[in-house]
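Undergrad: Structure in structure tokens, see below.
The values are calculated or read from the model by the stated rules, or taken from the named source; none is laboratory data. Computed from a predicted structure; not experimentally measured. Heads up, the Cβs are rebuilt from the backbone with ideal geometry, glycines too, and the neighbour counts pull from every protein chain shown. Ligands, DNA and RNA are stripped out before the accessible areas are found, and what is left, the full protein with its side chains, is counted by its heavy atoms. Shrake-Rupley method; radii C 1.70, N 1.55, O 1.52, S 1.80 Å.
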Protein chains: 2
Amino acid sequence: MGEFELIARYFTRPVPAPAPGPAGRVVLGVGDDCALLAPAPGMQLAISSDMLVEGRHFFADVAPERLGHKALAVNLSDLAACGARPLAFTLALALPEADEDWLAGFARGLFALADAHGCALVGGDTTQGPRNLSITVLGEVPAGQALLRSGARPGDDVYVSGTLGDAALALAALQGRLPAHWRLPPTVLAAARARLEQPTPRVALGLALRGVASSAIDVSDGLLGDLGHILQASGVGACIDCSVTTLLIAAYAELSSASGLFDSEFDPATDGEFLRRCTLAGGDDYELLFTTAPARRAAVAAAALSSATPVTRIGRIEAQPGLRLVDGKGRPVPARYASFDHFAASSAGAASNPQEAPGK
Amino acid sequence: MGEFELIARYFTRPVPAPAPGPAGRVVLGVGDDCALLAPAPGMQLAISSDMLVEGRHFFADVAPERLGHKALAVNLSDLAACGARPLAFTLALALPEADEDWLAGFARGLFALADAHGCALVGGDTTQGPRNLSITVLGEVPAGQALLRSGARPGDDVYVSGTLGDAALALAALQGRLPAHWRLPPTVLAAARARLEQPTPRVALGLALRGVASSAIDVSDGLLGDLGHILQASGVGACIDCSVTTLLIAAYAELSSASGLFDSEFDPATDGEFLRRCTLAGGDDYELLFTTAPARRAAVAAAALSSATPVTRIGRIEAQPGLRLVDGKGRPVPARYASFDHFAASSAGAASNPQEAPGK
């Protein structure tokens, strides 16, 4: 199978006839030197790129369908964090060989998610090389309404969507880095692994938070690291309640009730610390972290409801720079969690976690 | 040096204050989850992505400044082929390590070309991995005026810009694949190598051909292969005069006059065939191949003049499908040139040329 046949067979689909709404923005898709988009009046284009490298962001033997999903999901998550509606994406793909089963599975996972969001593949590139997936996604947002990292203000509530840490738990299990006495039940591992391999981009929540959130980012490198980006961009600090964030790991409830794992042997100093590290600095969550003025709590609840996405209030923005962690009684918790840095060999993340999260 | 410091040091530059014209389209650049562009009324967005893989599209020891230039140039060439004006690009970069000298050189070459075209770096991704450069470029073109592959009509003239084959000659020299008795003078090799490593995207010509060309494509995989895409998309055939195209290799004039190489030993059956292969199927040229109605010859000349880009008429579009090559006297020349196919191990290109051209 040649390159052009590969593109024709797996990555070319008819462009729908011009239609009202976002689907009608694609004037020309795959097959010419460029794709063409017709922006709508009053809309700005939101653009983001993420690259996934085999052995770094995914295992060589991951199910190709899941990888197709994830490669697009991490990009859609960036649109969600800006409150942008997905329009189109390009895919540049380096593959060691043209494996038809792999390509069919990859394309299935990719297009299932793309179709669910009305996001059209409009172009890209295929080449031979070490496996590498590079996607650029384009979305639209009304001028001036994009959610940015820089809008957090002292007194704002800090929220996170969904659950945190399950992807990191799955990765630790797959890499044999769980605490020695832990035995994850298969159902727990499967659920956590699905979070790692098929994250849910919070696009609907991002759209619902336009005009509500004062700042937003998606959690890809770990909650604290990504919160740090908001604090830096906004020139503020924050206080986060660890007793809330630690409970956001879905596996915790499963484990406590189903396996008895934590009944006899649970050691807060080691087991508790491991869970906390997963939720605070695990990464690969693709949840939205956002801030809102306290007066907007009803609007946040409405956004969560309309987008069918749970959100949890985990802390507050403060004027004093820096990040303070507290327990349920307001007592300081030492903050020693490094988020993943792709080139810092000495960072805690790089040392303990040879698979990084795409997304920043 | 960490990832975020790397981005800050080499790839973050201030976004200019909103200005009239294309520079004012960038509302938000590097540093948030997405970049934001404000499209101009009546304009369509042209989008293209190309990925360059070390050992496949470039040598590991290529000068990083030249590589920075080329990674963007091959993408700008796609915009040129559509008649689109460059606005912005994203860069996803996988590197084995954060080598500061390499990064400084790469960024210098990249931004020199970007600045020459008013094209802003607005986002991207950096990660550790086998060296891979993936760029997505965005341009704008008035609605309905994009140059497409599908507009060639029987009777149209076929033109190509600049010179062809010098990049392929340089690659053959660097890989020791020149005919045995050839000795390229250093000045000839240096000029050809500059064409391989620092191609010139024909952006100004592409803009000047709006409303003039009936179809266009950029020559990245080789003249005949890329002409084939126009013929297929337009449902037509073509006749190309090899006596003209073979002379388009700039090195030929240099070699004939300067070195005496061809005076005594030139064998049309082997040496001539080698040159012809470079010009017809060499690839990596990044010239524009386009068609126009014969009535527009004066307009083509004006476009060439206003863009300071030489163009040469090399053939004609015909109603009968297929590609016919003729010599200067109109006699058929057998067409046995395969263009590069990235996954076809048996193609002539893949067999003889282990470095492929990015761009399709």
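Undergrad: Restricting attention to the range A:38-72, report how many residues are touching a residue at least 24 places away in the same chain (Cβ under 8 Å), at the interface with another protein chain (Cβ under 7 Å from one of its Cβ atoms), under 30 Å from B:Pro41 (Cα atoms) and not polar (S, T, N, Q).
TA: So the count comes out to 5.
Undergrad: So, one more: Mind checking which residues of the range A:97-136 are open to solvent by less than 20 Å² (accessible area, probe 1.4 Å) and either over 21 Å from A:Val62 (Cβ atoms) or among the charged types (D, E, K, R) (or both)?
TA: Across the range A:97-136, the qualifying residues are A:Cys119, A:Val122, A:Gly123, A:Asp125, A:Thr136.
Undergrad: Residue under question is B:Pro179, and the condition is that it be without any contact (Cβ under 8 Å) to a residue 12 or more places away in the chain and not small (Gly, Ala, Ser); does it hold?
TA: Spelling it out, it is not the case that B:Pro179 is without any contact (Cβ under 8 Å) to a residue 12 or more places away in the chain and not small (Gly, Ala, Ser).
Undergrad: A follow-up question, please. Considering only the range B:152-166, state which residues are closer than 16 Å to B:Arg195 by Cβ and crowded, with 24+ Cβ neighbours inside 10 Å.
TA: Residues satisfying the conditions are B:Val160, B:Ser161, B:Leu164, B:Gly165, B:Asp166.
Undergrad: Quick one: how many residues across the range A:223-240 are open to solvent by 40 Å² or more (accessible area, probe 1.4 Å) and among the charged types (D, E, K, R)?
TA: 0
Undergrad: Yes or no: the range B:154-177 includes at least one residue that is facing chain A (nearest Cβ under 9 Å) and part of a loop (DSSP other than H, G, I, E, B).
TA: no
Undergrad: Turning to a different aspect of this structure: Within the range B:67-78, identify whether any single residue is modelled with pLDDT under 95 and over 19 Å from A:Ala94 (Cβ atoms), and answer yes or no.
TA: no
Undergrad: Among the strands (runs of 3 or more DSSP E) confined wholly to the range B:194-306, which include 2 or more residues that are within 20 Å of the chain's Cα centre (by Cα), aliphatic (A, V, I, L, M) and modelled with pLDDT of 95 or more?
TA: Ranges flagged: B:215-219, B:287-292.
Undergrad: Now a separate question. Which numbered condition in (1) at pLDDT 95 or above; (2) outside the structural domain of A:Leu207 (by TED's automatic domain parsing) is the only one that A:Ala98 fails?
TA: Unmet for A:Ala98, out of (1) at pLDDT 95 or above; (2) outside the structural domain of A:Leu207 (by TED's automatic domain parsing): (1).
Undergrad: Give the number of residues within the range A:124-153 that are assigned to a strand (DSSP E or B) and more than 21 Å from B:Thr90 (Cα to Cα).
TA: Residues in the range A:124-153 being assigned to a strand (DSSP E or B) and more than 21 Å from B:Thr90 (Cα to Cα): 2 in total.
Undergrad: Just the residues that are at pLDDT 80 or above, closer than 20 Å to A:Gly42 by Cβ and over 27 Å from the mean Cα position of the chain (by Cα), please, taken from the range B:1-34.
TA: Scanning the range B:1-34 gives B:Val27, B:Leu28, B:Cys34.
Undergrad: From the set of residues in the range B:44-69 that are part of a helix (DSSP H, G or I) and open to solvent by 10 Å² or more (accessible area, probe 1.4 Å), which is nearest to B:Glu140 (Cα to Cα)?
TA: So the residue we want is B:His69.
Undergrad: In the range A:25-37, which residues are more than 8 Å from every other protein chain (Cβ to nearest Cβ) and not aliphatic (A, V, I, L, M)?
TA: Scanning the range A:25-37 gives A:Arg25, A:Gly29.
Undergrad: Is it the case that the range B:76-95 has a residue that's under 24 Å from B:Ala170 (Cα atoms) and more than 9 Å from chain A (Cβ to nearest Cβ)?
TA: Yes, because at least one residue in the range B:76-95 is under 24 Å from B:Ala170 (Cα atoms) and more than 9 Å from chain A (Cβ to nearest Cβ).
Undergrad: For A:Ala116, state whether it is outside the structural domain of A:Ser220 (by TED's automatic domain parsing) and touching a residue at least 40 places away in the same chain (Cβ under 8 Å).
TA: No: the conditions fail for A:Ala116.
Undergrad: Something else now. So which residues in the range B:302-311 are within 16 Å of B:Phe290 (Cβ to Cβ) and surrounded by fewer than 18 Cβ atoms within 10 Å (Cβ to Cβ), if there are any at all?
TA: Listed by number, the residues that qualify are B:Ala302, B:Leu305, B:Ser306, B:Pro310.
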